């Protein structure tokens, strides 16, 4: 449910506001806050139920940090505040930017120095695979496990998906023009 969806505008929002007003008129302020928290959790859970536990954990963690005994010295108060802010920023950073970093790492792995047939891949990877790495000749390979270990990623892509990246002409021209191949 989005803020501009019909379910939100004509069903969820009016029900929340009517119940909030009805409880607030009677003077039950704690109940109104509980109602708004429950409605917010319902709204958040409607989007993705799997993340509801995460936001509930975050709420209880922030509450525990906020109501921690305040009789501590100033350095401990500051440490609690910093740890609370760091935990919240860590959760936000992970769930917001983890996919960005993983996709960029994958792009680097398949189109950069870590590409299966890049000539410098053997210099930056511990397995020493890639273009220019020493491979046993087919007559030297005895078992299927050794044959599998001797295959490059380009050979595996060609064998499994019928993708021949070693002879893809546009990439070959680009690499040759920049002297990367």
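None of the figures in this text is laboratory data; all of them are computed from the coordinates on show. A quick note: this is a predicted structure, and the numbers were derived from the prediction, not measured. No Cβ is skipped: glycine too gets one built from the backbone with ideal geometry, and neighbour counts run over all protein chains shown.
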Item to check | Residue in segment 40-62 that is surrounded by 14 or more Cβ atoms within 10 Å (Cβ to Cβ) and touching a residue at least 40 places away in the same chain (Cβ under 8 Å) present | outcome: yes
Item to check | Looking only at segment 57-77, and only at residues there that are in a helix (DSSP H, G or I) and in contact with a helix residue (DSSP H, G or I) (Cβ under 7 Å, 6 or more places away or on another chain), the one that is nearest to residue 7 (Cα to Cα) | outcome: 58
